Each structure stands twice: as C-alpha cells, then as structure tokens.
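See structure below.
The values are calculated or read from the model by the stated rules, or taken from the named source; none is laboratory data. Computed from a predicted structure; not experimentally measured. Here the Cβ positions follow ideal geometry from the backbone for every residue, glycine too, while neighbour counts run over all protein chains shown. For the accessible areas, the whole protein counts, side chains as well, though only heavy atoms, and no ligand, DNA or RNA atoms are used. Shrake-Rupley method; radii C 1.70, N 1.55, O 1.52, S 1.80 Å.
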Amino acid sequence: GPHALPLAQQVEKVWMEPDGEGERVPDTWEFTVPAPMDAAIELTGEMQGELQLVGGDESVTGVASLLPGRGWKGELSAGRHLLKVVCSRRNNRQPYQVAVRPEQLVAGLTREVHAPASVPVSVGSDGLVEIASFGSADVRGRLLDADGHLVASSDDRAGDWNFSIQRRLAPGAYRLDVEPVGA
C-alpha cells in the first residue's frame, strides 16, 4: 500500500528499479489535507511524480505533474491525496526526499515563529479549534477572519505566559497575529 507522508516533514526513501525488464511501479505516498491550503511539494533525486486527489467514492483526479528537480507549488483541496513518483531515468538505489509543506497552519501542525508574527490559518470543517502557544516569551494571540474582524484573542493561560484560543469556527481562512507583551 501507499507510504504515509506526514505534512511539514521531510521523508527519505531509496528508489528501487524492478529486476530485469519488470514493470516500474511508482512509489506511492499518501497524505491528508485537513483544510484547503497552499503548499509546496519538494521532490529531490531526479524523481518525477503525479499528484492526485482521491474522492469519497475512491475516484482519482489528477492535480499536478511534478517535473524532475522542480517540485511544485499550488493550492490543495481538503481530502486524501496520492503522490506517485518514479525516477526520471533508470537509476537503481537512487536516494530521494519528499515533503509537503503547507503555507497555512492547519489542524495537527505546529509552527515556530518569532513575535511579532502573522500566520495564515485554514479551517476545514465546522467545530472546536484550539490554537495555543508554547515558549518562554510573553505573547498575545489574536485570531482574525478573512475580512480582518477579530474572532478571538488570548493573552495568558492560567499559570504561564502562553496563550490558548479555543473557539468554534466555521470553515475558512483566518489569520493569527502573535504579538509580544511587555518587554
């Protein structure tokens, strides 16, 4: 089956050619996009690939072709994706790296920022969303909707300087502003 590809992590693999004149079977990577997002896909080592979106009925739609050494940047819809890669020339035991790097913060991801910072956030489904900070500096978080209206803000959690925002949010694009507090 396909290899799981966690978002925002680089994974290494070695491309293996088939024995003799056997059919070249692509390495298949699978990842799930929790909310619509812009992403960069990195693919090294002379590998080329086909990016596909898998529908609820298991139908497959082509999203993009990745050329050797070029990677890809674009918009990904929410849902299950497959990335099928082969080496662009016959080259057994060719090491390569693959990564999907979201621009927006989406469910399940963490991101390192230095305040003041602005982080795009994408929410895929209706429900409770928690955004929290972890660090040694006193920061405030402000969550704004696509029109720039303040949706929620948080300064301190009980017992430390970090913020925690918990809100029911509708699907859509948001922006998290992280601001230093005091010194």
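Residues whose amide H comes within less than 5 Å of that of Asp160, counting only those at least five positions distant or on another chain, are absent (H built at 1.01 Å from N in the peptide plane). Hey, if you put +1 on the Cβ of every Lys and Arg and -1 on every Asp and Glu Cβ in the chain, which of Gln97, Thr28, Ser133 ends up farthest toward the positive end of that dipole? Farthest towards the positive pole: Gln97. Solvent exposure of the chain, expressed per residue, is 56 Å² of accessible area, with all protein chains present and a 1.4 angstrom probe. For the residues Lys73, Lys84, a 1.4 Å probe over the protein chains yields an accessible-area ranking, largest first, of Lys73, Lys84. When you restrict to C-alpha pairs under 8 Å that are six or more residues apart and normalise by the size of the chain, the relative contact order lands at 23 percent. Within the accessible area of segment 109-152, the carbon and sulfur atoms contribute 50%, probe 1.4 Å, all protein chains present. In terms of accessible area, using a 1.4 Å probe and ignoring ligands and nucleic acids, Tyr96, Tyr174 rank largest first as Tyr174, Tyr96.
The phi-based Karplus calculation (6.51 cos²θ - 1.76 cosθ + 1.60; θ = phi - 60°) puts the 3J(HN,Hα) values of segment 111-124 at 8, 8, 9, 10, 5, x, 8, 10, 10, x, 10, 10, 10, x Hz, whole numbers, x for Gly and Pro. In this view, the solvent-accessible surface of Thr110, computed with a 1.4 Å probe and all protein chains in place, comes to about 130 Å². Three semi-axes describe the equivalent ellipsoid of the chain; taken as square roots of 5 times the Cα gyration tensor eigenvalues and ordered largest first, they are 39, 18, 12 Å.
On segment 51-99, 45 percent of the accessible area sits on carbon and sulfur atoms, based on a 1.4 Å probe.
For Glu75, neighbours were defined as the other residues whose beta-carbon sits under 14 Å from its Cβ, and their charges (Lys and Arg +1, Asp and Glu -1) total 0. Counting Lys and Arg as +1 and Asp and Glu as -1 over every other residue whose Cβ lies under 13 Å from the Cβ of His3, the net charge comes to -1. Sorting Val63, Val178 by accessible area puts them as Val63, Val178; the probe is 1.4 Å, largest comes first, and only protein heavy atoms count. Computed from the Cβ-Cβ distance with R0 of 35 Å, the FRET efficiency linking Val151 to Leu67 stands at 0.30.
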